[in-house]
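Notes follow once the structure below has been shown.
The values are calculated or read from the model by the stated rules, or taken from the named source; none is laboratory data. If you're wondering where the values come from, they're calculated on a predicted model, not measured in any experiment. Here the Cβ is made from the backbone with ideal geometry for all residues, glycine too, and neighbour counts use every protein chain on show. Just so you know, the surface numbers come from the protein's heavy atoms only, side chains and all, with ligands and any DNA or RNA stripped out. Shrake-Rupley method; radii C 1.70, N 1.55, O 1.52, S 1.80 Å.
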Amino acid sequence: MIDQNLLDAVKTYSENMTRPITFVLGSGEHDKRAELIDFLSKIAGTTDKINFDEQVIDDSLPSAISFKVVSHVDGETADTGIVFSGIPGGHEFTSLILAILQAGGHTLKLDEGIQKLIKRFNKPLQFQTYVSLSCHNCPEVVQALNQFALLNDGISNEMIDGALFQEQVEANKIQGVPAVFLNGKPFANGLIDTAKLIGKLQEQFPDLLSDVEDDAEQLEQQDVTVIGAGPAGVAAAIYTARKGLKVTIVADRIGGQVKDTQDIENLISVPLTNGTDLSTNFVKHLAEYNITLREHVSVKDIGETEEENYSINLNTGETFETRSIILATGAQWRKLGVPGEEENIGKGVAFCAHCDGPFFKGKDISVIGGGNSGVEAALDLAGIVKHVTVLEFADELKADQVLINKAKEKSNIEFITGAATQEIKATDGKVSSIVYQDRSTGETHERDLSGVFVQIGLVPNTEFVKGFVDLNRFGEIEIDERCRTDRKGIFACGDVTTVPFKQINIAMGEGSKAALAAFEYLVMQ
């Protein structure tokens, strides 16, 4: 289950711990209990900073294969609120290691402003996060909520391996991960970053924050504030920092949509990489410069100052002034907007084939969209599901021919073009069929299936600047050849703009161009 290389890594990482932690096991019997005990024993055996005694039991834990992480501070035992139900291998092994380190005194990854905000939460928040160990998006949610628990005694988070708790998965009608429940009720489905988690909490609990005066030191006036940290935003921040400007980058996460991308084969000079590695390199490159990073936060709104500068207002309550702004907020998955889509997300409607495909093993599913992302998703799913029906609105597929050729070699992939999706139907809380119209004949068809993967492109993240800068009818920010918007001192770049062809290479170039244009603007002021 756990090889020596991983154990050696745990031993190395534990050197960063400033206090010991203990694993405490739940009571009862389970087929996997012996495997979990062996797993925890081997980890504890790497260092005297990690303790485990299988005879020490906590009957309050939810199952025989549940364990909690307990911290020891100045001789006192402290419950961290972090529970793992299952054996956190696969992608979740990182979540366990981070929980050990952070409970052991290592610095948290969350922005300081976010940490102060979470400490002010005044309501009991019991999270349960259902995961698949093969899901590359799940750890980000688990790790964020574990840090919430470490910061606030009123918060707890239980990671639940859905494969080992099928009865719960069925009872909760879960067909997509991560699936987050809060105080026993559905809260969030799919990848959701820290900023959006906090936004949903503030929306659900308007009185969530205690009345404690914030004594945080305010950021001084910046020359450039870059909003967004995908390829465009990172390039813009680095280029402006290289000019000696005071630069702050505000983002929910470094990498943006790129972080969710699997293989990347068209980044010039790099034959093959992936979104995780590229995002990691973004972080390393940003660290080479004097750039102020506000990660895991979001911008509530932008205001104007009397000095003709701008004020940036964050969801943490922090406000600071900036002489110029580069908008690089990227895009998110576009939804169909048909009946049955929104209410069945996580119950058969999904957007990530890699994460949620295993839930549909041996079943019939549909992919909506015949572009590159749609055909790639169909290829990814073909090895898992029984049959894939690709529905494309246009009269012909829009994907690259090489992908179409690969897909047509698969006997269980079917293409239907000229198909307009009308409705997604559900039975007993799970997707059961899709209704589409043949655009050439007007005839309506209904096809029985268990899942619908929506792959119809992206929609720009411009909600917070509507009415502030000019947008086109697609919601993209209107820019000129120098990435200038209609407002003095505000620039935009990447997928959030009207620039054609949403590609990593193009976004990086546009980010660099926006940075040079901002520098030119500031010099001329």
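Checked against (1) closer than 21 Å to Asn16 by Cα; (2) modelled with pLDDT of 95 or more; (3) not aromatic (Phe, Trp, Tyr), Gly75 meets all criteria but (2). Of all residues in region 305-313, one or more are open to solvent by 70 Å² or more (accessible area, probe 1.4 Å) and free of Cβ contacts under 8 Å to residues at least 40 places away in the same chain. Residue check: Thr225 meets all listed conditions (1) under 24 Å from the mean Cα position of the chain (by Cα); (2) at pLDDT below 95; (3) not in a loop (DSSP other than H, G, I, E, B); (4) not hydrophobic (A, V, I, L, M, F, W, C) but one, namely (2).
Restricting the search to strands (runs of 3 or more DSSP E) fully inside region 412-525 and requiring at least 3 residues that are touching a Phe, Trp or Tyr at 6+ places or on another chain (Cβ under 9 Å) gives 419-427, 444-448, 451-454, 458-460.
Among the residues of region 1-40, the ones that are among the β-branched types (Val, Ile, Thr), open to solvent by 70 Å² or more (accessible area, probe 1.4 Å) and without any contact (Cβ under 8 Å) to a residue 60 or more places away in the chain come to 1 in all. Only one of the listed residues (Gly371, Gly357, Gly362) is in contact with a Gly (Cβ under 9 Å, 6 or more places away or on another chain), within 30 Å of Gln168 (Cβ to Cβ) and not assigned by the TED database to the domain that holds Gly190. That residue is Gly357. Beta carbons closer than 9 Å, at least 6 apart along the sequence or on distinct chains, pair a first residue in region 71-85 that is closer than 16 Å to His106 by Cα with a second that is small (Gly, Ala, Ser) and buried (at least 24 other Cβ atoms within 10 Å of the Cβ) for Ser71/Ala103; Ala78/Ala103; Thr80/Ala99; Thr80/Ala103; Thr80/Ala149; Ile82/Ala99; Ile82/Ala103; Ile82/Ala149.
Filter region 478-519 for residues that are among the polar types (S, T, N, Q) and over 27 Å from Asn274 (Cβ atoms); which is surrounded by the most Cβ atoms within 10 Å (Cβ to Cβ)? Residue satisfying both the conditions and the ranking: Thr485. Residues that are farther than 26 Å from Lys259 by Cβ and in contact with a strand residue (DSSP E or B) (Cβ under 9 Å, 6 or more places away or on another chain): does region 344-362 have at least one? No, the conditions are met nowhere in region 344-362. Does at least one position in region 144-152 carry a residue that is aliphatic (A, V, I, L, M), open to solvent by 10 Å² or more (accessible area, probe 1.4 Å) and over 20 Å from Ser66 (Cα atoms)? There is at least one residue in region 144-152 that is aliphatic (A, V, I, L, M), open to solvent by 10 Å² or more (accessible area, probe 1.4 Å) and over 20 Å from Ser66 (Cα atoms). In region 41-55, the residues that are under 19 Å from Thr77 (Cα atoms) and open to solvent by 20 Å² or more (accessible area, probe 1.4 Å) form Cβ pairs under 7 Å with partners that are of a type in the set (Val, Ile, Thr) and assigned to a helix (DSSP H, G or I), at six or more places apart or across chains, as follows: Glu54/Ile37.
Of Leu98, Leu110, all but one fail to be at pLDDT 95 or above and within 18 Å of the chain's Cα centre (by Cα); the exception is Leu98. Going by what's in this entry, would Glu392 be described as surrounded by fewer than 17 Cβ atoms within 10 Å (Cβ to Cβ) and farther than 30 Å from Ile302 by Cα? So Glu392 does not fit the description; no. Consider region 240-267 and keep the residues that are farther than 25 Å from His354 by Cβ and in contact (Cβ under 8 Å) with a residue 60 or more places away in the chain. The one that is surrounded by the most Cβ atoms within 10 Å (Cβ to Cβ) is Thr240. The strands (runs of 3 or more DSSP E) found entirely in region 323-397 that carry 2 or more residues being over 14 Å from Leu449 (Cα atoms) are 331-333.
Would a scan of region 395-403 turn up a residue that is in contact with a strand residue (DSSP E or B) (Cβ under 6 Å, 6 or more places away or on another chain) and buried (at least 23 other Cβ atoms within 10 Å of the Cβ)? Checked against the condition, which is being in contact with a strand residue (DSSP E or B) (Cβ under 6 Å, 6 or more places away or on another chain) and buried (at least 23 other Cβ atoms within 10 Å of the Cβ), region 395-403 yields no hits at all. Among the residues of this structure, Ala195 counts as one that is modelled with pLDDT under 90, open to solvent by less than 50 Å² (accessible area, probe 1.4 Å) and in contact with a Ser or Thr (Cβ under 8 Å, 6 or more places away or on another chain).
Checked against (1) open to solvent by 10 Å² or more (accessible area, probe 1.4 Å); (2) part of a helix (DSSP H, G or I), Ala99 passes all but condition (1).
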